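I have placed the structure first, in the form of structure tokens, so that the comments after it can refer back to it.
The values are calculated or read from the model by the stated rules, or taken from the named source; none is laboratory data. Keep in mind the model is a prediction, meaning the values are calculated, not measured. Methodologically, a virtual Cβ is constructed for each residue, glycine included, from the backbone with ideal geometry; neighbour enumeration extends over all protein chains shown. Protein only, heavy atoms only, side chains kept; ligands, DNA and RNA dropped before computing areas. Shrake-Rupley method; radii C 1.70, N 1.55, O 1.52, S 1.80 Å.
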Amino acid sequence: MSTLTIESITSSSDDELFKLLGAELERRIPATRNSPEFLPQILSLPIGLRAMAATYELDVSLAMDDLGWHFGNWHDAELAEETARGLEVLGAPELARLFREAFRLALAYWSELGSEDWSEWYHGSPLEQAVDPLNGQAWEFLNQHEYGIYYYWLNYARKHPEGVGIVRV
């Protein structure tokens with residue numbers, strides 16, 4: 001049973017709503033994020049939850065590392081495309097543009113990013129240098145909001161509850 005309702009979305013604080021959305025994603029996606037089952041499971045979700053699931057790790061990557069590192073950790077072109085679409089759905093087209101550009105750059109080094117020692121290769125690599133300006137823009141963009149990408153989750157859920165699985169009656 002979903003813990004998300006119109007009432008819980010409209011009456012919750014940002015922190016409470018973020019927890020509710022996270023719990024809903026955990027409930028609906030039993031696969032671990034790096035498993036082959038993850039992408040098919042998120043593709044079956046309502047469009048807003050799908051976007052949230054696809055963008056979760058990007059927020060973590062941007063908080064802990066950078067865009068290039070994200071593609072080493074999450075070396076899946078289909079997931080990258082879904083992440084870009086998710087950013088657009090959530091109302092972050094500028095961040096989607098930066099992400100797509102970083103992905104375009106990463107594709108030139110895709111085999112290196114997929115290697116066992118990609119993290120050793122990445123530091124000082126041409127890819128790290130190429131995405132550095134994009135990182136700066138992404139960080140500047142996200143620093144405008146306390147919740148980073150999750151800011152867009154919260155706004156989306158409040159504006160489009162049907163996109164997170166709420167059926168209006």
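State which stretch of the chain is the longest one without any exposed GluC sites (Glu not before Pro), exposure meaning a DSSP loop state and at most 16 other Cβ atoms within 10 Å.
38-115
Output ³J(HN,Hα) for region 81-94: one whole-Hz value per residue in order, computed from phi by the Karplus curve 6.51 cos²θ - 1.76 cosθ + 1.60 with θ = phi - 60°, and x for Gly and Pro.
4, 5, 5, 4, 4, x, 4, 5, 4, 6, x, 10, x, 5
Once both labels are modelled 7 Å past Cα along the beta-carbon direction, what's the Val167-Glu88 spacing in nm?
2.9 nm
HN-Hα J couplings of region 150-163 from phi, Karplus 6.51/-1.76/1.60, θ = phi - 60°, integer Hz, Gly and Pro as x?
The phi angles translate into 4, 3, 6, 4, 4, 4, 4, 4, 6, 7, 9, x, 5, x Hz.
Accessible area per residue for region 60-169 in Å², computed with a 1.4 Å probe and the full protein assembly in place, what is it?
Per residue, region 60-169 has an accessible area of 50 Å².
For the residue pair Arg97 and Ser125, what label-to-label distance in nm results when each label sits 7 Å from Cα along the Cα-to-beta-carbon direction?
My value for the distance between the label points is 2.7 nm.
Can you give the Rg/Rh ratio of region 80-169, where Rg is from the C-alpha atoms and Rh is the Kirkwood radius?
That ratio is 1.09, to two decimals.
Translational D (Stokes-Einstein, µm²/s) of the chain at 25 °C and 0.890 mPa s when Rh comes from the Kirkwood sum over C-alpha pairs?
Working: Rh = 16.5 Å.
Once the numbers are plugged in, D ends up at 149 µm²/s.
Hey, what did region 1-126 get for relative contact order, percent, Cα under 8 Å, at least 6 apart?
Working: 89 pairs, mean separation 23.3, N = 126.
That works out to 18 percent.
From the Cα trace of region 127-169, what convex hull volume per residue do you get, rounded to a whole Å³?
About 81 Å³ per residue, rounded to a whole number.
In angstroms, what radius of gyration and Dmax does region 42-111 have, counting Cα atoms only?
Rg, Dmax (Cα atoms, Å): 11.3, 33.
Would you mind checking the tilt of helix 14-28 against the longest principal axis of the Cα atoms of the chain, expressed as 0 to 90 degrees and rounded to 10?
Once rounded, one gets 80 degrees.
Go ahead and estimate [θ] at 222 nm for the chain from helices alone: -39,500 (n - 2.57) per DSSP H run with n ≥ 4, summed, over the residue count, rounded to 500.
Value at 222 nm, helices only, nearest 500: -20500 deg cm²/dmol.
Suppose every Lys and Arg Cβ carries +1 and every Asp and Glu Cβ carries -1, with no other charges. What dipole size does region 54-169 come out with about its Cα centre, to the nearest 20 debye?
740 debye
Once phi is turned into ³J(HN,Hα) by the Karplus curve 6.51 cos²θ - 1.76 cosθ + 1.60 with θ = phi - 60°, what whole-Hz value does each residue of region 105-121 show in order, with x for glycine and proline?
Running phi through 6.51 cos²θ - 1.76 cosθ + 1.60 with θ = phi - 60° gives 5, 5, 4, 5, 10, 4, 5, 5, 5, x, 7, 4, 9, 4, 5, 6, 5 Hz.
Below 8 Å between Cα atoms, with a sequence gap of 6+, how large is the relative contact order for region 1-60 in percent?
So the answer I get is 22 percent.
Taking all protein chains in place and a 1.4 Å probe, what share, in percent, of the accessible surface of region 1-122 do carbon and sulfur account for?
Heavy-atom surface of region 1-122 belonging to carbon and sulfur, 1.4 Å probe: 53 percent.
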